[in-house]
There are 2 protein chains.
Amino acid sequence: MTDKLEPTFEGDFTFADAAPFALDSGATLSPVTLRYAWYGAMMPARDNVILICHALSGSARVGDWWPDLLGAGKPFDPARHCILGINVIGSCYGSTGPTSLNPATGLRYGGDFPVVSIRDMVRAQAVLLDHLGIARLHAVVGGSIGGMQALAWAVDFPERVPHAIAIGAAPLNAMGLALSHLQRQAIRGDPAWRGGHYAQGQQPVVGLALARAIATITYKSDRLFRERYGRRPNRAGEDPTRDHAHRFDVAGYLDHQGQVFVDRFDANSYLVLSRAQDTFELGRNPDEEAKILSRAKAKMTLIGIAHDWLFPPEEVRGLAERFQAARVAAEYAEIVTNHGHDGFLAHPELLAPLVIRALE
Amino acid sequence: MTDKLEPTFEGDFTFADAAPFALDSGATLSPVTLRYAWYGAMMPARDNVILICHALSGSARVGDWWPDLLGAGKPFDPARHCILGINVIGSCYGSTGPTSLNPATGLRYGGDFPVVSIRDMVRAQAVLLDHLGIARLHAVVGGSIGGMQALAWAVDFPERVPHAIAIGAAPLNAMGLALSHLQRQAIRGDPAWRGGHYAQGQQPVVGLALARAIATITYKSDRLFRERYGRRPNRAGEDPTRDHAHRFDVAGYLDHQGQVFVDRFDANSYLVLSRAQDTFELGRNPDEEAKILSRAKAKMTLIGIAHDWLFPPEEVRGLAERFQAARVAAEYAEIVTNHGHDGFLAHPELLAPLVIRALE
């Protein structure tokens with residue numbers, strides 16, 4: 001375990017006070033606050049910034065969730081680059097989201113927070129870059145929903161992105177959409193959810209824990225589960241053949257993942273970010289997608305993760321090939337692990353050389 | 001769609017009034033009622049009976065859930081064989097289960113119904129066969145949990161089983177156990193579940209519907225979902241990019257599957273049968289399993305289903321190979337479909353020739 005680096009700077013930026021920020025859903029937000037953090041120093045020319053986009057449960061504090069990739073001598077080295085993280089709209093880690101006050105009511109947005117797209121998140125990040133005087137990034141990098149942001153950056157702001165690295169990211173297929181929906185249903189089905197208008201400290205913990213447990217199986221592979229848990233009874237001495245309340249080991253693990261999550265995440269934020277993941281695509285049909293992909297000017301690196309059944313590597317590879325067909329310089333690489341989707345967090349040693357190569 | 005055949009006979013058999021029926025869990029049941037039904041005529045020698053074991057949501061009325069396999073000129077032809085179905089212990093379709101009255105309290109068992117194993121179910125079925133004078137079956141056949149029963153019949157009553165056909169059945173791996181657990185958590189997390197002691201007509205419909213929706217993804221394959229639903233919005237004219245309550249098409253399908261299920265199934269029965277599925281194995285370790293498998297004297301036919309990720313075909317094949325290694329006449333066959341686990345219900349035309357061949 002690596003020590004977590006503290007940000008060099010961490011702060012908030014608020015905009016859209018006067019003119020509201022328009023979302024793809026047709027709704028607007030006003031104002032919009034973005035929590036951001038950076039590690040290292042920005043060069044006077046502001047040309048040494050690597051933007052790291054976080055996944056569903058991440059934050060602007062990249063060092064907290066990618067500690068093995070950030071630091072001296074690592075792929076994201078604050079001595080060489082300024083490593084910037086921006087909390088996405090909709091999250092509960094400092095940016096405007098369902099736990100923020102809705103100026104229209106004076107209450108928390110809760111269930112009234114609008115549908116937000118990945119491209120909305122990126123467009124808001126671009127406003128922050130303008131504010132910071134960053135005309136052009138050195139690179140944008142992310143995994144999962146963070147990878148979707150990297151892809152959106154490359155096609156929506158091609159002049160600002162010379163390198164984009166998207167790991168375990170592609171438009172979700174129908175099984176992925178199904179799994180996301182089940183998670184949201186778990187939250188919405190909990191009576192404590194109250195249509196999203198629960199009081200602070202009274203969120204639907206049962207539904208949110210179940211949602212996280214469902215998500216956890218999508219982040220791991222059946223191979224990993226087989227190796228780690230097999231058919232063993234839960235380590236607490238339970239016997240699933242005798243008592244309905246007793247569990248197998250894998251069930252004890254899932255319950256634990258759910259329980260620890262509810263203390264650190266907001267159920268409505270979960271609904272918003274999960275929906276943003278689902279609606280992400282780069283065109284509604286192949287023709288439109290080809291046109292949009294062709295806008296990218298970055299050196300694109302798409303990284304698939306073996307045994308990732310949420311974002312199957314062959315779909316990530318397929319997207320890389322469609323970038324190539326659109327005459328974009330795109331490369332495909334793969335992390336070979338039994339882990340599944342979470343491999344981008346669990347196997348920094350496999351990811352690091354690919355990132356270093358992509359940034360060259 | 002084939003017309004559903006009506007049973008020739010349908011009735012109840014009650015035993016264990018005096019001496020309680022001992023379960024593998026250590027608990028007992030007294031009395032035990034089994035609902036059963038047959039199609040066709042039993043020969044005086046009682047040697048023409050094919051026992052068809054049902055899956056989680058099935059019943060003794062085989063014609064209701066396997067209409068394309070049962071009938072004149074079909075693999076299970078009542079003119080040639082007597083086709084017998086027996087509702088399993090724990091179900092809510094006529095046999096003793098959580099909705100039955102607990103003689104100890106005068107109330108429904110509800111959450112007090114004990115853990116039941118697949119082998120308990122089969123041992124109770126054997127008592128009914130004794131009662132009916134059936135010393136030896138012609139064959140025992142089943143898919144999913146029904147396949148587990150066919151396997152248990154072959155090893156626990158080898159003298160009574162000359163042919164056994166088990167489709168899409170093997171001990172669940174860790175991912176399967178995880179998926180089962182999530183379904184049970186959905187039920188147990190619904191406040192209406194009340195520890196299993198809900199009143200009739202007041203079952204936890206939200207939790208049970210979610211459990212069924214989770215189960216539905218395990219019965220289908222990602223390929224099938226991709227072909228059928230893709231990333232299309234729900235057909236009711238919803239737009240998931242605009243409104244949190246709007247869904248993708250696959251989500252509308254899952255919700256529908258959940259909603260129709262709660263009208264026909266009991267949540268506590270679901271917990272009991274899901275648990276029976278999870279705890280099924282034929283030995284706690286390879287040595288014990290080899291010993292148990294070697295007891296079978298049947299011609300065993302194990303049928304895997306392509307793209308079944310609940311009971312992966314390679315695991316069904318592995319079990320067939322372990323039968324062979326234990327010097328049991330076991331064959332492996334595979335249904336090639338994109339459907340996934342439900343293929344044994346959705347593709348009778350693929351299954352029929354395999355069944356006919358196995359029964360020769």
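Tell me, which residue of segment A:209-224 that is among the charged types (D, E, K, R) and touching a helix residue (DSSP H, G or I) at 6+ places or on another chain (Cβ under 8 Å) is least open to solvent (accessible area, probe 1.4 Å)? Even if it seems obvious, please write down each step before you answer.
Going through segment A:209-224, the residues among the charged types (D, E, K, R) turn out to be A:212, A:220, A:222-223.
With the extra rule that they be touching a helix residue (DSSP H, G or I) at 6+ places or on another chain (Cβ under 8 Å), the set shrinks to A:212, A:222.
Working: A:Arg212: 30, A:Asp222: 57 Å².
Taking the candidates together, the pick is A:Arg212.
Within segment B:276-290, how many residues are out of contact with any helix residue (DSSP H, G or I) (no Cβ under 9 Å at 6 or more places or on another chain) and either within 14 Å of another protein chain (Cβ to nearest Cβ) or under 21 Å from B:Ser91 (Cβ atoms) (or both)? Even if it seems obvious, please write down each step before you answer.
Initial filter on segment B:276-290 (out of contact with any helix residue (DSSP H, G or I) (no Cβ under 9 Å at 6 or more places or on another chain)): B:284-285, B:287-288.
With either within 14 Å of another protein chain (Cβ to nearest Cβ) or under 21 Å from B:Ser91 (Cβ atoms) (or both) added as a condition, the list becomes B:284-285, B:288.
Residues flagged as out of contact with any helix residue (DSSP H, G or I) (no Cβ under 9 Å at 6 or more places or on another chain) and either within 14 Å of another protein chain (Cβ to nearest Cβ) or under 21 Å from B:Ser91 (Cβ atoms) (or both) within segment B:276-290 amount to 3.
Yes or no: B:Gln259 surrounded by fewer than 24 Cβ atoms within 10 Å (Cβ to Cβ), under 24 Å from the mean Cα position of the chain (by Cα) and within 27 Å of A:Val250 (Cβ to Cβ)? Write out each step before concluding.
Values: surrounded by fewer than 24 Cβ atoms within 10 Å (Cβ to Cβ): yes; under 24 Å from the mean Cα position of the chain (by Cα): yes; within 27 Å of A:Val250 (Cβ to Cβ): no.
Here the answer is no, as B:Gln259 does not meet what is asked.
Please determine whether any residue of segment B:35-53 is more than 26 Å from B:Ile356 (Cβ to Cβ) and assigned by TED's automatic domain parsing to the domain that holds B:Ala152.
The initial filter retains those residues of segment B:35-53 that are more than 26 Å from B:Ile356 (Cβ to Cβ), namely B:35.
Then drop every residue that is not assigned by TED's automatic domain parsing to the domain that holds B:Ala152, which leaves B:35.
For segment B:35-53, residues more than 26 Å from B:Ile356 (Cβ to Cβ) and assigned by TED's automatic domain parsing to the domain that holds B:Ala152: present.
Which residue, of B:Asp156, B:Asp120, B:Asp112, B:Asp130, is buried (at least 21 other Cβ atoms within 10 Å of the Cβ), not basic (Lys, Arg) and not assigned by TED's automatic domain parsing to the domain that holds B:Thr216? Full working, then the answer.
Details: B:Asp156 fails: buried (at least 21 other Cβ atoms within 10 Å of the Cβ); B:Asp112 fails: buried (at least 21 other Cβ atoms within 10 Å of the Cβ); B:Asp130 fails: buried (at least 21 other Cβ atoms within 10 Å of the Cβ).
So the residue among B:Asp156, B:Asp120, B:Asp112, B:Asp130 that is buried (at least 21 other Cβ atoms within 10 Å of the Cβ), not basic (Lys, Arg) and not assigned by TED's automatic domain parsing to the domain that holds B:Thr216 is B:Asp120.
Do you know which residues across segment B:287-337 are among the small types (Gly, Ala, Ser) and either farther than 22 Å from B:Thr218 by Cβ or crowded, with 18+ Cβ neighbours inside 10 Å (or both)? Please lay out each step first, then the result.
Residues of segment B:287-337 among the small types (Gly, Ala, Ser): B:290, B:294, B:296, B:298, B:304, B:306, B:318, B:320, B:325-326, B:329-330, B:333.
Correct list: B:Ala290, B:Ser294, B:Ala296, B:Ala298, B:Gly304, B:Ala320, B:Ala325, B:Ala326, B:Ala329, B:Ala330, B:Ala333.
Take segment A:67-109 and flag every residue that is open to solvent by less than 10 Å² (accessible area, probe 1.4 Å), more than 17 Å from A:Asn268 (Cα to Cα) and in contact with a strand residue (DSSP E or B) (Cβ under 7 Å, 6 or more places away or on another chain).
Of everything in segment A:67-109, those that are open to solvent by less than 10 Å² (accessible area, probe 1.4 Å), more than 17 Å from A:Asn268 (Cα to Cα) and in contact with a strand residue (DSSP E or B) (Cβ under 7 Å, 6 or more places away or on another chain) turn out to be A:Leu69, A:Leu70, A:Phe76, A:Cys82, A:Ile83, A:Leu84, A:Gly85, A:Ile86.
Filter segment B:340-354 for residues that are of a type outside the set (Gly, Ala, Ser) and surrounded by 22 or more Cβ atoms within 10 Å (Cβ to Cβ) and give the result. Write out each step before concluding.
Taking segment B:340-354 first, the residues of a type outside the set (Gly, Ala, Ser) are B:341-342, B:344-345, B:347-351, B:353-354.
Selection gives B:His341, B:Asp342, B:Phe344, B:Leu351.
For B:Val250, state whether it is open to solvent by less than 30 Å² (accessible area, probe 1.4 Å) and in a helix (DSSP H, G or I). It would help to see each step written out before you state the result.
On the way: open to solvent by less than 30 Å² (accessible area, probe 1.4 Å): yes; in a helix (DSSP H, G or I): yes.
Yes, satisfied.
Please verify whether B:Leu177 is within 17 Å of the chain's Cα centre (by Cα) and within 14 Å of chain A (Cβ to nearest Cβ), treating the condition exactly as stated.
Judged against the criteria, B:Leu177 is a match.
Conditions (1) closer than 28 Å to B:His339 by Cβ; (2) in a helix (DSSP H, G or I); (3) within 11 Å of chain A (Cβ to nearest Cβ), marked per residue:
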{"residue": "B:Gln149", "(1), (2), (3)": "yes, yes, no"}
{"residue": "B:Ala170", "(1), (2), (3)": "yes, no, no"}
{"residue": "B:Arg194", "(1), (2), (3)": "no, yes, no"}
{"residue": "B:Ala199", "(1), (2), (3)": "no, no, no"}
{"residue": "B:Gly207", "(1), (2), (3)": "yes, yes, yes"}
{"residue": "B:Arg223", "(1), (2), (3)": "yes, yes, yes"}
{"residue": "B:Glu227", "(1), (2), (3)": "yes, yes, yes"}
{"residue": "B:Asp239", "(1), (2), (3)": "no, no, yes"}
{"residue": "B:Arg242", "(1), (2), (3)": "no, no, yes"}
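Out of A:Leu293, A:Leu273, report the one residue that is in contact (Cβ under 8 Å) with a residue 24 or more places away in the chain and touching a helix residue (DSSP H, G or I) at 6+ places or on another chain (Cβ under 6 Å).
Details: A:Leu273 fails: touching a helix residue (DSSP H, G or I) at 6+ places or on another chain (Cβ under 6 Å).
Within the list A:Leu293, A:Leu273, the selection yields A:Leu293.
Can you find a residue in segment B:318-341 that is within 19 Å of B:Leu177 (Cβ to Cβ) and in a helix (DSSP H, G or I)? Outline the logic, then answer.
Narrowing segment B:318-341 to residues within 19 Å of B:Leu177 (Cβ to Cβ): B:318-319, B:340-341.
Within this subset, residues satisfying the condition of being in a helix (DSSP H, G or I) are B:318-319.
Yes, there is a match, as at least one residue in segment B:318-341 is within 19 Å of B:Leu177 (Cβ to Cβ) and in a helix (DSSP H, G or I).
Residue by residue through segment A:191-208, note down the ones that are on the phi < 0 side of the Ramachandran plot and either open to solvent by less than 20 Å² (accessible area, probe 1.4 Å) or within 17 Å of the chain's Cα centre (by Cα) (or both).
Listed by number, the residues that qualify are A:Tyr198, A:Pro204, A:Gly207, A:Leu208.
Would you check if B:Thr301 is among the β-branched types (Val, Ile, Thr) and under 28 Å from B:Ile214 (Cα atoms)?
no
Consider B:His54 carefully, then state whether it is buried (at least 20 other Cβ atoms within 10 Å of the Cβ), of a type outside the set (Val, Ile, Thr) and over 29 Å from B:Leu310 (Cα atoms).
Working: buried (at least 20 other Cβ atoms within 10 Å of the Cβ): yes; of a type outside the set (Val, Ile, Thr): yes; over 29 Å from B:Leu310 (Cα atoms): no.
Answer is no for this residue.
Kindly indicate the residue of segment B:1-25 that is assigned to a loop (DSSP other than H, G, I, E, B) and open to solvent by less than 30 Å² (accessible area, probe 1.4 Å) and also farthest from B:Ile89 (Cα to Cα) among those meeting that condition. I'd like the intermediate steps shown before the answer.
Restricting attention to segment B:1-25, the residues satisfying the condition of being assigned to a loop (DSSP other than H, G, I, E, B) are B:1-8, B:16-20, B:23-25.
Within this subset, residues satisfying the condition of being open to solvent by less than 30 Å² (accessible area, probe 1.4 Å) are B:7, B:16, B:23, B:25.
Values: B:Pro7: 20, B:Ala16: 13, B:Leu23: 11, B:Ser25: 14 Å.
Result: B:Pro7.
Would you check if there is a residue in segment B:66-73 being more than 14 Å from every other protein chain (Cβ to nearest Cβ), touching a residue at least 12 places away in the same chain (Cβ under 8 Å) and either among the aliphatic types (A, V, I, L, M) or over 29 Å from B:Tyr219 (Cα atoms) (or both)?
Residues of segment B:66-73 more than 14 Å from every other protein chain (Cβ to nearest Cβ): B:66-73.
Filter once more, so that each one left must be touching a residue at least 12 places away in the same chain (Cβ under 8 Å): B:66-71.
After this cut, where a residue has to be either among the aliphatic types (A, V, I, L, M) or over 29 Å from B:Tyr219 (Cα atoms) (or both) as well, the list is B:69-70.
Within segment B:66-73, one or more residues are more than 14 Å from every other protein chain (Cβ to nearest Cβ), touching a residue at least 12 places away in the same chain (Cβ under 8 Å) and either among the aliphatic types (A, V, I, L, M) or over 29 Å from B:Tyr219 (Cα atoms) (or both).
Out of all the residues in segment A:225-247, is one or more free of Cβ contacts under 8 Å to residues at least 60 places away in the same chain, open to solvent by less than 10 Å² (accessible area, probe 1.4 Å) and not β-branched (Val, Ile, Thr)?
yes
Could you grab me the full set of residues in segment A:209-221 that are within 17 Å of B:Trp309 (Cβ to Cβ) and either in a helix (DSSP H, G or I) or more than 10 Å from chain B (Cβ to nearest Cβ) (or both)? So that I can check it myself, show each step before the final result.
Keep residues of segment A:209-221 that are within 17 Å of B:Trp309 (Cβ to Cβ), which gives A:214, A:216-221.
Within segment A:209-221, A:Ile214, A:Thr216, A:Ile217, A:Thr218, A:Tyr219 meet the criteria.
Here is a yes/no grid of residues against (1) of a type in the set (S, T, N, Q); (2) within 30 Å of A:Ala296 (Cβ to Cβ); (3) in contact with a helix residue (DSSP H, G or I) (Cβ under 9 Å, 6 or more places away or on another chain):
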{"residue": "A:Ala152", "(1), (2), (3)": "no, yes, yes"}
{"residue": "A:Pro158", "(1), (2), (3)": "no, yes, no"}
{"residue": "A:Ala170", "(1), (2), (3)": "no, yes, yes"}
{"residue": "A:Asn173", "(1), (2), (3)": "yes, yes, yes"}
{"residue": "A:Ala178", "(1), (2), (3)": "no, yes, yes"}
{"residue": "A:Leu182", "(1), (2), (3)": "no, no, yes"}
{"residue": "A:Gln185", "(1), (2), (3)": "yes, no, yes"}
{"residue": "A:Tyr198", "(1), (2), (3)": "no, no, yes"}
{"residue": "A:Gly201", "(1), (2), (3)": "no, no, no"}
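Mind listing whichever residues of segment A:17-49 are away from every other protein chain (no Cβ under 14 Å), in contact (Cβ under 8 Å) with a residue 24 or more places away in the chain, of a type in the set (A, V, I, L, M, F, W, C) and out of contact with any Cys (no Cβ under 7 Å at 6 or more places or on another chain)? Before the answer, list the steps.
Residues of segment A:17-49 that are away from every other protein chain (no Cβ under 14 Å), as a first pass: A:17-21, A:29-49.
Now drop any that are not in contact (Cβ under 8 Å) with a residue 24 or more places away in the chain, which leaves A:21, A:29-43, A:46-49.
Filter once more, so that each one left must be of a type in the set (A, V, I, L, M, F, W, C): A:21, A:29, A:32, A:34, A:37-38, A:41-43, A:49.
Passing the criteria: A:Phe21, A:Leu29, A:Val32, A:Leu34, A:Ala37, A:Met43.
The values are calculated or read from the model by the stated rules, or taken from the named source; none is laboratory data. From a predicted model like this one, the values you see are computed outputs, not experimental measurements. Because the Cβ atoms are built from the backbone with ideal geometry, glycine has one as well, and the counts that use them run over all protein chains shown. The accessibility values were calculated without ligands, DNA or RNA, using every heavy atom of the protein model including side chains. Shrake-Rupley method; radii C 1.70, N 1.55, O 1.52, S 1.80 Å.
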